[in-house]
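First up is the structure itself, then whatever we jot down about it.
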2 protein chains.
Amino acid sequence: METGQRVLVVDDETSIRRYLHAALTAQGFNVYEAADGGEALNAVLAHRPELIILDLGLPDMDGIEVTRRLREWSQTPIIILSVREAEQDKIAALDAGADDYLTKPFGTGELLARMRVVQRRQVTGLNEPVFSTGNLRVDFSRRLVKVDEKEIQLTPTEYDILRILVMHAGKVLTHRQLLRQVWGDGYDDMHILRVNISNLRAKLEPDPARPTYIHTEAGVGYRLKV
Amino acid sequence: METGQRVLVVDDETSIRRYLHAALTAQGFNVYEAADGGEALNAVLAHRPELIILDLGLPDMDGIEVTRRLREWSQTPIIILSVREAEQDKIAALDAGADDYLTKPFGTGELLARMRVVQRRQVTGLNEPVFSTGNLRVDFSRRLVKVDEKEIQLTPTEYDILRILVMHAGKVLTHRQLLRQVWGDGYDDMHILRVNISNLRAKLEPDPARPTYIHTEAGVGYRLKV
DNA sequence: TGGTTTCTTGACGCTTTCTTGACACCCTGC
DNA sequence: GCAGGGTGTCAAGAAAGCGTCAAGAAACCA
C-alpha cells in the first residue's frame, strides 16, 4: 500500500523503533526506519517522508546535528524524542530547526496529536477576521457572508466549504483536502462536493455558469480567486 | 513602541501575566493581556496579535473552548500553558487547534524557543517556492503558471510534465523518465508524450515552432531551459 | 409531533481532457 | 533524391470529470 503518509523513525534502539513502527502503522502511516544519523539522511533522500521522528542520542552523530544538516535543504517537520530533559537541550534542538520536542517516556496519544499539529501547520492560510474579494465579503468573527452588500444565507456545509476556500485563498484545494476538512476523514465522494459547490455558487456568483469567485481546476480541485 | 511583534497573554492570574509581560517585553514583543476567555476573543479582534499564549484554566470559559472559537476564523498560533499534565488534556487542546502545550512550571527559555518555532513555521509557510525562467513563472504552492504575467490554464497532465521538468530544470529528462513519472510504470508510448509536450508548448511558448523553454534533445528526451 | 431546512444520492447532459491515428516535417546517410 | 527513424501538429473519438436538477432521507426546530 502506498496510500499513507510517510514517516521516518530514527532511533538506535531497535525496541523503540519496533514499537513506533507498530503504533504508526496502526494509524495508517507508512513507516521507514533508520538506526543512526547517516542512515537517517539517506532515508530522507530515498523515501521523502512527510514527517521525521528523531532521537537525540544517536551513535554516529548528535540528533541536533542531523536536524541542522536536514534543514539545509529540507523543510520536512521534525519531532525530537529524547531522554534529556534539560532546557538547554530543548532550546538547542528547537532552534536547530526541530518542530517539537518530547521527553521520554512519552504518551503515544500525545505524540500522535503533536504529529497532527505539525502537519496541520504545513498548510498555511490567511489570518484576517474579515476577508473580501470582488463584491464578496466574509466576516468570520460574525459568520456573515455578503455579496454586493446583500447578506447571503449559507447552510453550515456551504459555510464550511467557503471558510476552507478563503483560508487558502488563491491556492488550489484538492478535492481530497476539501472533503477531509469539511466531512472528515474517510470521505472520498467527489459528487457530494460538486453538488455543494454548485449550491454555493448559486448563492454567491452573479452568473453561476461563469464563476468569478470559486474557480474549478479540472481534475484537481477548486480555488478561490483573490 | 510599535515595532515589536504583538503577543496576547491570556491568564487569570495577575502574577503570571505580569511575569510574562516583563519577560516578553524584554525580548522586544508588544504584549497585550486578557484575564478571561471573553476578553481574549475581543483582544484578538482588537489587536490582531501574531501569537497567543493561553492558559487553560480560565474563569468564564475553558481554554480549549477559546481555542476552538478562535480557530473558526483565525490561524494565529496558540501556545497553551497549563498546570494539567494529563495526556487527554494535551491531546484535546492540540486537536482543538493549539500549536503547542507547555505544563507549568515551564522555563522561559523553552517558551521563547517554542514561540520561535511556531513563528518560523508561520513565515516559511508564506514564502512560496516559485520557479521562473525568462517570462515563465511557476508557483507550486498555488499551482499557478504564468507567461508574461498572464495566467495559463494547464490540464493535470500538462502541469505534471511541467512540474517534473521544473524539478530537474537544466537537466535532460529522458522520455522514459518523463513517462514513468507522469504516467507511472509500464508506459513506453513516446507518442503520447510528444502530443502532450506539443500541447504544453502551444500554451507556454511564444513561438511553439521555436521553443525557448522546453528544449528537445533529439533521441534522448526534453530539457527545461534555466 | 409536524413542518421546515439541510444533506445525500441518483440520473442525465454537457464540457474538458486524454488517447489514438494520420500525416507532414526535418534530419542523416545512402 | 529518397528511405527511415525520430519528431511535431492536427483532428476525432473515447473516457473522465463536472454541473445541475430533483427526490428521498436525515437533521433540526419549534
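The values are calculated or read from the model by the stated rules, or taken from the named source; none is laboratory data. None of these values were measured; they are calculated from a predicted model. Cβ coordinates were reconstructed from backbone atoms using ideal geometry, including for glycine residues, and neighbour counts include every protein chain displayed. Keep in mind that these areas ignore ligands, DNA and RNA; they rest on the heavy atoms of the full protein, side chains included. Shrake-Rupley method; radii C 1.70, N 1.55, O 1.52, S 1.80 Å.
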* Point-charge dipole on Cβ atoms (K/R +1, D/E -1) for chain B, about Cα centre, debye to 20 -> 1320
* **Listed residue (A:74, A:218, A:27) projecting farthest to the positive dipole end of chain A, Cβ model** => A:218
* Excluding residues fewer than 8 places away in the same chain, name every one of the lysines whose C-alpha is closer than 30 Å to that of residue B:90. => A:90, A:104, B:104
* Structure fact -> Env charge @ residue A:90, Cβ radius under 11 Å, K,R +1 / D,E -1, value -4
* **Label-point separation in nm, residue B:212 to residue B:15, each point 7 Å along Cα→Cβ** => 7.0
* Cα gyration tensor of the protein assembly as shown, axes a ≥ b ≥ c as square roots of the eigenvalues: rounded (a/c below 1.5), prolate (a/b > b/c) or oblate? -> oblate
* Structure fact -> Tilt, helix A:37-47 to longest principal axis of chain A (alpha-carbon atoms), in degrees rounded to tens, equals 30
* Would you mind checking the pairs A:171/B:203; A:146/B:146; A:150/B:146; A:171/A:203; A:203/B:203 and listing those with alpha carbons more than 28 angstrom apart? => A:146/B:146; A:150/B:146; A:203/B:203
* Please list A:103-113, A:148-158 highest first by mean number of surrounding beta-carbon atoms within 10 Å per residue. => A:103-113, A:148-158
* Asked: Average partner chain C-beta neighbours within 10 Å, per residue of B:35-45?
  -> 1
* Looking at the square roots a ≥ b ≥ c of the eigenvalues of the Cα gyration tensor of segment A:99-194, which shape do they give, rounded for a/c under 1.5, prolate if a/b is larger than b/c, or oblate? -> prolate
* Structure fact -> Where a ≥ b ≥ c are root eigenvalues of the Cα gyration tensor, a/c under 1.5 meaning rounded, otherwise prolate if a/b exceeds b/c and oblate otherwise, segment A:12-84 counts as oblate
* Average beta-carbon neighbours from other chains, 10 Å sphere, peptide A:152-165 -> 0
* Area buried, chain A against chain B - accessible surface, total, 1.4 angstrom probe, square angstrom -> 3600
* So what's the angle, to the nearest 10 degrees on a 0 to 90 scale, between helix B:14-26 and the longest Cα principal axis of chain B? -> 50
* Asked: Roughly to the nearest percent, how much of the accessible area of the protein assembly as shown is carbon and sulfur, given a 1.4 Å probe?
  -> 48
* Asked: In deg cm²/dmol and to the nearest 500, what is the mean residue ellipticity at 222 nm of the protein assembly as shown if only DSSP H runs of at least 4 residues count, each as -39500 (n - 2.57), divided by the residue total?
  -> -13000 deg cm²/dmol
* Using the Cα centre as the reference, give the magnitude of the dipole from point charges on the C-beta atoms of segment A:142-209 (Lys, Arg: +1; Asp, Glu: -1; all else neutral), rounded to the nearest 20 debye. => 180
* **Helix axis angle, A:190-204 relative to chain A longest principal axis, alpha carbon, degrees** => 50
* **Span per principal axis, largest first, for the Cα atoms of chain A (Å)** => 64, 38, 30
